[in-house]
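**Q** Pasting in a structure now, in structure tokens, and then I'll have a few things to ask.
None of the figures in this text is laboratory data; all of them are computed from the coordinates on show. If you're wondering where the values come from, they're calculated on a predicted model, not measured in any experiment. Cβ placement follows ideal geometry from the backbone for every residue including glycine, while neighbour counts extend to all protein chains displayed.
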Amino acid sequence: MSDSFRHIVRIKNTNIEGDRRVDYALTGIKGIGQRTAKAITKLSGINPEKRLGTITDEEVEKIEQSIDQLEEKAPGWFVNRTKDYKTGENKHVTGSDLIVTHRQDLDRMKKINCYKGVRHKKGKKVRGQRTRSTGRSETTVGVKRAELQKQKDKAEEE
């Protein structure tokens, strides 16, 4: 490791470890997966096999610019927010913006009482999973039977 190696690199308000490869290190940013990270390195022209701690400040700026330009350069199906509810545009949201937009989407669904919103309100499973045997938050059936047996035994003793 040389003197110019940085152990922590800050990209898009996220601290990322410098000893990881660039394409895998970018997955540390919320909203960027492996495929998106590879597309970003290709757009910015940076070698994805380099270690993140060895890249220069200019290359970090190139990466940030390519993240911002991703919605313009990539096809509509590639971004993580296709046909945004308010604007109707294709966007790629990252970092804390992703958390905020997700929370706003859930609040909107709860407010209009759509099926998914009602399920979110009740704390039930939303995506069609079975709920007969999993997802229980209260006591399980086996425990109730055991309690009933104890009550019967007490009644017989008296």
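**Q** Which cross-chain or sequence-distant (5 or more) residues have an amide H under 5 Å from the amide H of Ile11, H modelled 1.01 Å from N in plane?
**A** Ile16
**Q** Considering lysine pairs in the range 96-157 that are 8 or more places apart or on different chains, how many have Cα atoms under 19 Å apart?
**A** 12
**Q** Along the positive direction of the dipole of the range 96-157 (beta-carbon charges: Lys, Arg +1; Asp, Glu -1; about the Cα centre), which of Ala146, Ile99, Ile112 reaches farthest?
**A** The residue sitting farthest along the positive end of the dipole is Ile112.
**Q** Moving to a separate point now. Tell me what the chain gives for mean residue ellipticity at 222 nm when only DSSP H runs of n ≥ 4 count, each as -39,500 (n - 2.57), the sum divided by the residue total, rounded to 500 deg cm²/dmol.
**A** -13500 deg cm²/dmol
**Q** Enumerate the amide H contacts of Arg81 below 5 Å, restricted to partners 5 or more residues apart or on another chain; note that Pro and chain-start residues carry no placed amide H.
**A** Correct list: Lys91, Val93.
**Q** Now, a different point. With contacts defined as alpha carbon pairs under 8 Å and 6 or more residues apart, what's the relative contact order of the chain in percent?
**A** Normalised by residue count, the contact order of the chain is 15 percent.
**Q** While we're on this one: Convert each backbone phi in the range 146-158 into a coupling constant with the Karplus relation 6.51 cos²θ - 1.76 cosθ + 1.60 (shift: θ = phi - 60°), then list the ³J(HN,Hα) values in order as whole Hz, x for Gly and Pro.
**A** 5, 5, 4, 5, 5, 5, 5, 5, 5, 5, 5, 5, 6
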